[in-house]
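Novice: Take this structure, written in C-alpha cells, and hold onto it; I'll ask about it next.
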Amino acid sequence: MDVFVEHIVKKQNSTSDYVKKALILIAAFLAGLFVLTFFSALGLFPIGFMAALGCFIGGIYLLNGTNIEYEYIVTNGEIDIDKIIARRSRKRLITIHVKTFEEFGIYDREKVDASDCDSTLIATDGTNVDSYYAILKHSKYGRTLVIFSPDERVIDAIKPFLPGPLRGRV
C-alpha cells in the first residue's frame, strides 16, 4: 500500500521578523518620498509619482516575501521538505529517505548533539514546540540535522519506514 501524506506549517513571526518588516516599510516609504521629491524638483512630477509608486509596490512585494511556510510530503518512506515563500514561489530544501535516519525523536536543544553534523536544516513553525529532529547521512549535505514540525499523520507515515532500532523509540 502506498503512503502519501502532506502537511503545511506556517512559520510564526519572531521579533526579528517584525523588525525586518518595519525596516522594509520605512525604507520603501523613504525611497518613494526621495524619488518623488527628486523628480518633482526637476519638474517631472508624473515620472516621480510613478517611480514612487514603484517603490511602494516593491516594498509590499518584499514585505510579502517574509511570509514563509514549510511543506512536508511523505511518500513511501521519502520525505520532501519544501519552503513556500508568500504562496508565490516554492523551493525544494531537501529530499531524505527515512531509512537513512541515524537518530529520530522529539527535539530538545539540550539533548540533541549537533556538533558533529555537517549541516543543519530548520524547517519548523518557529516555536520549536512539538518539533522533531532527525540526524541522517545525506549524499549532498553530509551528516545532517533536520528539525521540523510534523503532525501525527506525518509521524504515522514515517514510523513504518524507520530503521528497526529507531522504530521502537518513537
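Novice: Taking D113, is it without any contact (Cβ under 8 Å) to a residue 12 or more places away in the chain, surrounded by fewer than 18 Cβ atoms within 10 Å (Cβ to Cβ) and outside any strand (DSSP E or B)?
Specialist: yes
Novice: Exactly one condition in (1) farther than 27 Å from L166 by Cβ; (2) surrounded by 14 or more Cβ atoms within 10 Å (Cβ to Cβ) is not met by E71; state its number.
Specialist: Tallying (1) farther than 27 Å from L166 by Cβ; (2) surrounded by 14 or more Cβ atoms within 10 Å (Cβ to Cβ), E71 fails exactly one: (1).
Novice: What is the one condition in (1) in contact with a Phe, Trp or Tyr (Cβ under 9 Å, 6 or more places away or on another chain); (2) exposed (fewer than 14 other Cβ atoms within 10 Å of the Cβ) that T37 does not satisfy?
Specialist: Among (1) in contact with a Phe, Trp or Tyr (Cβ under 9 Å, 6 or more places away or on another chain); (2) exposed (fewer than 14 other Cβ atoms within 10 Å of the Cβ), the lone unmet condition for T37 is (1).
Novice: Still on this structure: State which residue pairs qualify: first residue within 24 Å of F161 (Cβ to Cβ) and modelled with pLDDT of 90 or more and inside region 77-100, second residue among the polar types (S, T, N, Q) and part of a strand (DSSP E or B) in any location, beta carbons under 7 Å apart, and separation of 6 or more residues or different chains.
Specialist: Cβ pairs passing all conditions: E78/T95; D80/T95.
Novice: Still on this structure, I have one more. Restricting attention to region 2-34, report how many residues are surrounded by fewer than 15 Cβ atoms within 10 Å (Cβ to Cβ), under 30 Å from I79 (Cα atoms) and of a type in the set (A, V, I, L, M).
Specialist: 2
Novice: So the check is Cβ under 7 Å with 6+ separation or different chains; which pairs have a first residue in region 153-167 that's part of a loop (DSSP other than H, G, I, E, B) and at pLDDT below 85 and a second one that's surrounded by fewer than 13 Cβ atoms within 10 Å (Cβ to Cβ) and charged (D, E, K, R)?
Specialist: P163/K99
Novice: Does any residue in region 16-30 that is in contact (Cβ under 8 Å) with a residue 12 or more places away in the chain and assigned to a helix (DSSP H, G or I) come within less than 7 Å, Cβ to Cβ, of a residue that is surrounded by 15 or more Cβ atoms within 10 Å (Cβ to Cβ) and among the hydroxyl-bearing types (S, T, Y) six or more places away or on a different chain, and which pairs are these?
Specialist: As it stands, the answer is D17/T66; K20/T66; K21/T66, since those pairs meet every condition given.
The values are calculated or read from the model by the stated rules, or taken from the named source; none is laboratory data. Every value quoted in this text rests on a predicted model; they were computed, and no experiment measured them. As a convention, Cβ positions derive from the backbone with ideal geometry for all residues, glycine included, and neighbour counts pool all protein chains shown.
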